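Below you'll find the structure, written out as structure tokens, and then a few comments.
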Amino acid sequence: MGKSEFEELCDRFEASWRDGHPLPIESLLAELKTGDRVQLLRSLLDIELEYRFKSHQPPSTVEYEARFSDQQEVVAKAFTSVRKRLRSSTFDELPETAFASKDIANSKEIELLTRVGPYKILQPLGRGGMGQVFLAEQTEPVIRRVAVKVINTDTPTKEILARFEAERQALAMMEHQHIAKVFDAGVTNTGRPYFVMEWVKGVPISEHCDKNKLSPEDRLELFVQTCRAIQHAHAKGIVHRDIKPSNVLVTLDDGKPTVKVIDFGLAKAMHAATRLTDRTLFTQHGQIVGTLAYMSPEQAELSSLDIDTRTDVYSLGVVLYELLTGSTPITADEIRCNAFDRILALIREADPPRPSIRLSDSGDALTGISQQRRTDPRRLTVILKGDLDWIALKALEKDRNRRYDTAAALADDVQRFLKNEAIEARPPSFKYQLQKSFRKHRVRYLAASTMLCLLLAGLAGTGTMWHLARENYRQAKANERRAIEQGNRADAEAEQKRLEANRANENEELAKAEAAAAKFQLANARWDAGRAGEARRVLHQIPAEYRDNFEWHYCNRRFRGSEVSLYGHTSPVLSACYSPNGERIVSGSRNELIIWDAITGKSLIRREGASVSVSCSPDGRRIASISGDGVISIWNLNSSDGERF
């Protein structure tokens, strides 16, 4: 029995490590067509971690948690399993540090942090792939609460350092009310890089909207703030690449909800002039960057190097979709139940249903979704149907050239909806513009429509008979046109058939003519080869309709000359010969010499005197004859002139 796809991938991965050219785990996960992606990840981690430990390159859990942020538990178990197995193995030559749980020590060290520079650590706020964030209090030169992000490990990889520095620099470049600010940066006493930023006391935008049961219009107002913040980042030459509700927090500013965009850990500079770090920041081929549910089709490519601001526009579209419907276009169940490569294919290829249709298909969940939006279920579907459908779908176009060009353009279209103005997400037809105008000027339109109804009611009675007569006339004209068109079609078809028949006859006649010409050429070739009988036979195979011409009659007479009977000698013929060109025959008898037309058989010249032997000169100009008494005479073939010897 052959190996399964799972086994083949594992064997190929291990062979790449043995050869010294290890393949990225992400690319093999993407190749898995059937089977459990999580189980394959466990096996590949098991192989890679063991090889790294044995080669004295101890891996860090931080590095792998950053690479596989949605499978941190699997990463932790893989590290524990490999360390346990290697401790009990016979690899005594490995240093003890290779088995030490450095990440656990790192975690404990971070947990024991009480001060970072002038900042007093108060409590942990959260932990990401690269670092841990603490709530801290600045004691000098001002007293305020801030968020301090410290790198997780004291031996960070080059990639982690580069991304950490890139995030710090990206935030430092921002000067926008809806983006968290950076205040300071430095290194701890133990050598860990950190940076200090504005503490955003908020919750993810989707959680805030649901918890406070915001209406669709209020949700859209917060979404517009998010778009403006992302547009500011784009203006600074930065692409966020990880826009999702957990990175868009809502806090209260003077009692008013305000958006703050955070976590630029995956940010990318769009231009060479925009430098986020002096270190080389490289996304490995096959490594997927971002969060699956909010990832753009470009990011879902195995080589996601061609990324621009429209990637963030797509992710904003996903956030908008979720704020309106309560779920992302690719649902959590689809991500949980499908293999990794299938999920990427869905992101790249599957068109999302319109938000209004997603709501209609929600079943029993529609009631809860509507309550969270403080709107009747039927009314909520009506609100989404139309403009909001088109705005969301334009932002979620798979072809980025068909999306909004900028986050600002998306925000502007949402604001047009909020103001009951015509949006640009679809062509503004006359009917559509009329609908928008009616919504803005409802009272005026109602008054005008009332007057119009009264006028139409007055005209209805008198216009009925005219309308019926007009309809009958139009019907009759339509029938007449159809009859004429049918007749024209029939005539056209008949003419087409006649032309096709003529073309067929012409082709047949041409073929016959070509065959006759070929036989004529063959007959001449046979004659030139001295095969007179065959020449005549081929010539007479030419059909009668192609014989009535000079060439055929000429050849017929010419070829028939070989059978001409010559009458005119009064005594037996003693000798005869052809002229070299075949046009003359010379014959001699006891009393005369005659020159004949070889084709017609007509005698041309007669000379008195016995000619027991005759012969033509090679140039065909003279004739030699010998008489009975041995006298030789030389004659001109075309006249009676001659000499005797």
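The values are calculated or read from the model by the stated rules, or taken from the named source; none is laboratory data. Everything numeric in this text was worked out from a predicted model, so none of it was measured. Heads up, the Cβs are rebuilt from the backbone with ideal geometry, glycines too, and the neighbour counts pull from every protein chain shown.
Side notes on the structure shown:
- Among residues of region 191-243, those that are crowded, with 20+ Cβ neighbours inside 10 Å, within 36 Å of the chain's Cα centre (by Cα) and not in a helix (DSSP H, G or I), counted: 6
- Any hit, region 301-324, residues being free of Cβ contacts under 8 Å to residues at least 60 places away in the same chain, more than 30 Å from Gly237 (Cβ to Cβ) and part of a helix (DSSP H, G or I): no
- Residues within region 325-345 that are under 23 Å from Ser370 (Cα atoms), touching a residue at least 24 places away in the same chain (Cβ under 8 Å) and in a helix (DSSP H, G or I), tallied: 2
- Checked against (1) surrounded by fewer than 23 Cβ atoms within 10 Å (Cβ to Cβ); (2) out of contact with any strand residue (DSSP E or B) (no Cβ under 7 Å at 6 or more places or on another chain); (3) at pLDDT below 90, Ile369 meets all criteria but (3).
- Number of residues in region 571-593 that are under 25 Å from Gly530 (Cβ atoms) and either surrounded by 16 or more Cβ atoms within 10 Å (Cβ to Cβ) or not polar (S, T, N, Q) (or both): the value is 14.
- Summed over region 611-629, the residues that are farther than 15 Å from Ser639 by Cβ, out of contact with any Pro (no Cβ under 7 Å at 6 or more places or on another chain) and surrounded by fewer than 17 Cβ atoms within 10 Å (Cβ to Cβ) give a count of 6.
- For region 346-378, a residue qualifies if it is in contact (Cβ under 8 Å) with a residue 12 or more places away in the chain and among the polar types (S, T, N, Q), and the qualifying residues are Ser356, Ser360, Ser362, Gln371, Gln372, Thr375.
- Condition check for Ser356: in a helix (DSSP H, G or I) and either over 30 Å from Glu5 (Cβ atoms) or touching an Asp or Glu at 6+ places or on another chain (Cβ under 6 Å) (or both): yes
- Some residue of region 553-565 being among the polar types (S, T, N, Q), crowded, with 16+ Cβ neighbours inside 10 Å and under 30 Å from Ser589 (Cα atoms): yes
- Note on region 539-572: residues that are closer than 21 Å to Asn638 by Cα and touching a strand residue (DSSP E or B) at 6+ places or on another chain (Cβ under 7 Å) total 3.
- Scanning region 534-588 for residues that are in contact (Cβ under 8 Å) with a residue 12 or more places away in the chain, under 17 Å from Ala523 (Cα atoms) and of a type in the set (Ser, Thr, Tyr) gives Tyr546, Ser562.
- Within region 386-411, considering residues that are charged (D, E, K, R) and crowded, with 17+ Cβ neighbours inside 10 Å, the one farthest from Asp306 (Cα to Cα): Asp387
- Test: residue in region 517-525 that is within 24 Å of Trp596 (Cβ to Cβ) and either exposed (fewer than 15 other Cβ atoms within 10 Å of the Cβ) or not charged (D, E, K, R) (or both): yes
- From Val74, Val62, residue being modelled with pLDDT of 80 or more and β-branched (Val, Ile, Thr): Val74
- Taking each residue of region 502-521 that is farther than 18 Å from Cys555 by Cα and looking for partners that are at pLDDT below 90 and surrounded by 13 or more Cβ atoms within 10 Å (Cβ to Cβ) with beta-carbon atoms closer than 9 Å, six or more apart or interchain, yields Lys512/Tyr546.
- Among the residues of region 244-265, those that are more than 18 Å from Gly317 (Cβ to Cβ), part of a loop (DSSP other than H, G, I, E, B) and in contact with a helix residue (DSSP H, G or I) (Cβ under 8 Å, 6 or more places away or on another chain) comprise Ile262, Asp263, Phe264, Gly265.
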